[in-house]
Amino acid sequence: MKRVLALDVGKKRIGLAVSDELGITAQGLDTFERTRIRDDLNELKQIARRWNVECLLIGRPLHMSGADSRQSEYTREFAERLSRHLELPVVFLDERLTSAEAERTLREAGASLDQRKKAVDRLAAVLLLESYLARQSAAGASQEGDMIA
């Protein structure tokens with residue numbers, strides 16, 4: 001199994017998580033504070049190289065109805081640029097409830113509002129990656145979701 005880097009893409013921050021080499025566990029990385037697109041792409045390239053990533057997993061923000069949102073289009077355009085810049089394939093996975101689940105988990109753990117703001121993006125990326133890894137395991141490592149090669 002290859003290492004996967006999961007991204008919960010926002011306009012100000014990107015939550016990050018990386019899988020282990022066996023594709024079993026997800027580890028949250030420091031939340032990435034965005035600056036300029038060129039700098040963002042270069043920093044993400046360094047992160048992908050540092051972790052020997054072979055695939056990018058990006059949360060696809062959809063409306064609860066399943067329809068694309070304005071953020072979906074922004075995320076897709078960013079993912080396409082990132083895929084070209086890193087020369088890595090991208091897999092999209094529905095992320096409709098990951099941020100809400102991350103927020104709930106942090107609240108139940110007693111995290112303060114400030115702690116939740118700092119951790120929610122990373123936890124959302126971890127939850128997204130855990131969901132993907134579980135699907136991969138159940139499907140015998142077949143790809144799920146939309147993919148950009």
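The values are calculated or read from the model by the stated rules, or taken from the named source; none is laboratory data. The shown structure was predicted, so the numbers you read here are calculated from the model rather than taken from an experiment. Note that we place each Cβ from the backbone using ideal geometry, even for glycine, and neighbour counts take in every protein chain shown.
Here are a few things to note about the model shown:
- When the test is whether a residue is over 20 Å from Gln27 (Cα atoms) and in contact with a Pro (Cβ under 9 Å, 6 or more places away or on another chain), Ser112 does not pass it.
- Residues satisfying the stated conditions in the stretch 62-80, i.e. exposed (fewer than 12 other Cβ atoms within 10 Å of the Cβ) and closer than 20 Å to Arg13 by Cα: Arg70, Glu73, Glu77
- Residues in the stretch 39-83 that are basic (Lys, Arg) and at pLDDT 95 or above: Lys45, Arg49, Arg50, Arg81.
- Per-region count, the stretch 1-33, residues crowded, with 16+ Cβ neighbours inside 10 Å and either closer than 22 Å to Lys118 by Cβ or of a type in the set (Val, Ile, Thr) (or both): 18
- When the stretch 70-94 is filtered for residues that are under 21 Å from Ile37 (Cβ atoms), in contact with a strand residue (DSSP E or B) (Cβ under 6 Å, 6 or more places away or on another chain) and not in a helix (DSSP H, G or I), the ones remaining, listed by number, are Leu88, Pro89, Val90, Phe92.
- Pairs linking a residue in the stretch 81-96 that is free of Cβ contacts under 8 Å to residues at least 60 places away in the same chain and surrounded by fewer than 16 Cβ atoms within 10 Å (Cβ to Cβ) to a residue that is β-branched (Val, Ile, Thr) and in a helix (DSSP H, G or I), with Cβ atoms under 9 Å and 6 or more positions apart or on different chains, are Arg81/Ile37.
Residue-wise test of (1) assigned to a strand (DSSP E or B); (2) on the phi < 0 side of the Ramachandran plot; (3) touching a residue at least 24 places away in the same chain (Cβ under 8 Å); (4) under 11 Å from the mean Cα position of the chain (by Cα).
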site	(1), (2), (3), (4)
Lys11	no, yes, yes, no
Ala17	yes, yes, yes, yes
Gly23	no, no, yes, no
Thr35	no, yes, no, no
Arg38	no, yes, no, no
Glu43	no, yes, no, no
Leu57	yes, yes, yes, yes
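- Filter result (among the β-branched types (Val, Ile, Thr) and in a strand (DSSP E or B)) within the stretch 45-55: Val53
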